[in-house]
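The values are calculated or read from the model by the stated rules, or taken from the named source; none is laboratory data. Here the structure is a predicted model, which is why all the values come from computation and not from measurement. Reconstructed Cβ throughout: ideal geometry from the backbone, glycine too, with neighbour counts over all protein chains shown. Surface accessibility is based on the protein's heavy atoms, side chains included, excluding ligands, DNA and RNA. Shrake-Rupley method; radii C 1.70, N 1.55, O 1.52, S 1.80 Å.
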Amino acid sequence: TGRRYLSWSQVNSFRSCPRAFAFKYVEDAPPAFVSSNLLFGGAMHSALQAWFENRFEGTIVTVDELVQAYRVAWHERLEEQDGVPVRYGKGETADTLAQKAKDMLEAFATSPLAEPVGDLIAVEERLSGSIADDLPDLLAIVDLIWADDAGLHVLDFKTSRSKWSDVKVAEARDQVRLYSRLASSIVEAGVDIHLHFGVLVKTKTPTVQKLDVPIAADTEDAIADVIRPVWHAMTLGVDYGNPSATACSGCPFRGRCPAVSSV
């Protein structure tokens with residue numbers, strides 16, 4: 001890809017569809033559209049970042065200020081698309097999504113997740129390093145890190161159309177397992193690291209979930225064992241399509257993909 005590191009988004013993209021990975025990261029192919037979900041999630045992350053950065057400084061921002069941070073981030077990300085059209089969901093517009101963001105941020109601001117017990121350590125922290133000699137450096141941007149008497153807590157925020165189940169947590173846990181592995185370099189030996197997802201749910205009445213990720217059975221090399229075969233396939237230039245009625249319908253490279261005819 002020309003980068004000197006591997007990110008989780010790259011790993012996950014390759015696992016989902018090597019051809020889509022090649023379009024995006026290797027060939028730098030222009031997408032046909034950008035999903036409103038992608039813009040929404042990024043703008044919501046910016047609003048949450050503003051909340052915790054202000055908390056670092058001892059300031060509590062209002063929901064209206066968070067919504068403004070969301071709107072600014074939305075427009076910045078829209079400009080970065082350089083004219084690529086936005087694909088909205090049924091009944092969605094930029095305005096309805098801004099109202100949904102306000103409702104979700106109100107729910108977040110009154111939830112326990114907005115005030116984690118302990119000392120804030122980092123917000124949107126870049127962690128990078130080696131986790132195995134046969135892998136490139138891995139990069140992670142961790143949404144939130146705090147510490148309490150139980151140890152270090154690492155949390156990744158998600159937005160979702162529905163509540164996450166235990167099965168969904170299990171499906172997504174590799175991401176925060178990587179974060180844990182990289183975060184281990186910034187804590188003293190023996191300090192426990194606890195992993196969480198914070199899910200802001202886009203239901204009619206928004207809810208906020210704080211979900212713990214079980215890692216008791218993990219070994220230090222567990223996440224390296226997950227990434228190693230992906231990296232091996234990348235280095236071989238594997239780029240087959242992985243047809244899926246669900247994934248292909250929302251893929252911005254669908255129009256140029258040779259595998260799409262089989263979906």
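Could you give the dipole magnitude of the range 55-207 about its Cα centre, charging the beta-carbon of Lys and Arg +1 and that of Asp and Glu -1, in debye to the nearest 20?
Numbers: 17 positive and 27 negative charges, 187 e Å.
The calculation lands at about 900 debye.
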- For the chain, what is the mean residue ellipticity at 222 nm derived from helices alone (per DSSP H run of n ≥ 4: -39500 (n - 2.57); sum divided by total residues; nearest 500 deg cm²/dmol)? -12500 deg cm²/dmol
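For the range 20-153, what D do you get in µm² per second when you plug the Kirkwood radius from alpha-carbon pairs into Stokes-Einstein at 25 °C and 0.890 mPa s?
Details: Rh = 17.2 Å.
After rounding, the answer is 143 µm²/s.
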- Item | Mean accessible surface per residue for the range 1-88, computed with a 1.4 Å probe while every protein chain stays in place, in Å² | 54
- Cut-off 13 Å between beta-carbons: net charge of the residues surrounding residue 229, Lys and Arg +1, Asp and Glu -1: -1
- Taking Rh as the Kirkwood radius computed over alpha-carbon pairs of the range 79-223 and applying Stokes-Einstein at 25 °C with viscosity 0.890 mPa s, one gets a diffusion coefficient in µm² s⁻¹ of 143
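Can you sort 234, 44 by solvent-accessible area, 1.4 Å probe, largest first? All intermediate terms of the calculation are to be shown ahead of the outcome.
Working: 234 30, 44 0 Å².
Of 234, 44, the descending order of accessible area is 234, 44.
May I ask you to derive the relative contact order of the chain, considering only C-alpha pairs under 8 Å and at least 6 residues apart, and to give it as an integer percent? Can you show the working numbers first?
Details: 370 pairs, mean separation 58.2, N = 263.
Here the relative contact order equals 22 percent.
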- Given a 1.4 Å probe and the protein chains all in place, what does the accessible area of residue 235 round to, in Å² to the nearest 10? 80
- Message: For the pair residue 203/residue 240, report the inter-label distance in nm, with labels modelled 7 Å from Cα in the Cβ direction.
- Response: 4.0
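Cβ neighbours within 10 Å, averaged per peptide: list 251-260, 71-80 in order, most packed at the top. Walk me through the numbers on the way to the answer.
Working: 251-260: 16.9, 71-80: 15.4.
So the order, starting with the most tightly packed, is 251-260, 71-80.
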- Task: Work out, step by step, the length gained on full extension between residue 186 and residue 75: first 0.36 nm times the residue separation, then minus their alpha carbon distance; give nm to one decimal.
- Result: 36.5 nm
- Highest-first arrangement of 162-174, 140-152, where packing means the average Cβ count within 10 Å: 140-152, 162-174
- Counting only protein heavy atoms, what percent of the accessible surface of the chain is carbon or sulfur at a 1.4 Å probe? 50
- Query: Considering the values (1) 69, 43, 34; (2) 52, 47, 32; (3) 59, 41, 31, which represents Cα extents along the principal axes in Å as calculated for the structure under consideration?
  - Reply: (2)
- Expressed in nm to one decimal, what extension gain is obtained for the pair residue 147 and residue 29 from 0.36 nm per residue of sequence separation less their Cα-Cα distance? 38.3 nm
- Label model pair residue 133, residue 168: point-to-point distance (7 angstrom along the Cα→beta-carbon line) in nm is 4.2
